[in-house]
Amino acid sequence: MGFAKATPVAVAVLAALAAASPAAAEIKCQDGAQLIKGNWMATPYCQDKLLFEVANARGFKTSFAAIRENPNHKKELCRFLFTDIRVQMTCLDAGVPEFFGAGR
């Protein structure tokens, strides 16, 4: 009988902990780098967030979700923003600029 009474309480405690976890696990980005165990490392997620911030600052209407979910949208932004040094590595990773070889 003790187990039957304790189970709903345990489920409620676990649900409360699960609800609190996403806020504690928020990704912290700064200039395209993510804070990982006290060190700043460049990650694709934070690079995309930086591209989003630069694009919006330069007047492009886009969303972070569109950049993350659609690689072609990311390439399209990079074609215009590649000259901005803050996003050059991000754009190179996305395949912009596209060089098809010399002499063709």
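Would you mind counting up the charge near Leu81? Only other residues with Cβ under 12 Å from its Cβ, with Lys and Arg at +1 and Asp and Glu at -1. Present the calculation step by step, with values, prior to reporting the outcome.
Numbers: positive: Arg58, Lys74, Lys75, Arg79, Arg86; negative: Glu53, Glu76, Asp84.
Net charge in that neighbourhood comes out at +2.
Could you go through the stretch 43-59 in sequence order and give the Karplus-derived ³J(HN,Hα) for each residue, using 6.51 cos²θ - 1.76 cosθ + 1.60 with θ = phi - 60°, rounded to whole Hz, and x for Gly and Pro?
Per-residue couplings from phi come out as 10, x, 4, 6, 5, 5, 5, 5, 4, 4, 5, 5, 4, 5, 5, 8, x Hz.
Taking the beta-carbon count within 10 Å as an exposure proxy, list Lys74, Lys28 from fewest neighbours to most.
Fewest-to-most Cβ neighbours within 10 Å comes out as Lys28, Lys74.
Please list, or write none, the aspartates and glutamates whose alpha carbon is within less than 18 Å of the alpha carbon of Lys61, excluding same-chain residues fewer than 8 places away.
Lys61 reaches Asp48, Glu53, Glu69, Glu76, Asp84.
With r defined as the distance between the Cβ atoms of Arg68 and Glu98 and R0 fixed at 25 Å, what FRET efficiency is calculated, to the nearest 0.05? The partial results should precede the final answer.
Details: r = 21 Å, r/R0 = 0.85.
Result of the calculation: an efficiency of 0.75.
Between Ala25 and Lys37, 0.36 nm times their residue separation minus their Cα-Cα distance comes to what? Provide the component values of the computation, followed by the final result.
Values: separation 12, 0.36 × 12 = 4.32 nm, distance 1.20 nm.
Stretched out fully, the Ala25 to Lys37 stretch lengthens by 3.1 nm.
Quick one: 3J(HN,Hα) in Hz for the stretch 76-85, Karplus 6.51/-1.76/1.60 with θ = phi - 60°, rounded, Gly and Pro as x.
Once rounded to whole Hz, the list reads 4, 4, 5, 4, 8, 9, 4, 6, 7, 4.
Bear in mind these aren't lab numbers, they're just calculated from the coordinates by the rules spelled out. Since we're looking at a predicted model, the values are computed, not measured. All Cβ positions, even for glycine, are placed from backbone atoms using ideal geometry, and neighbour counts span all protein chains on display.
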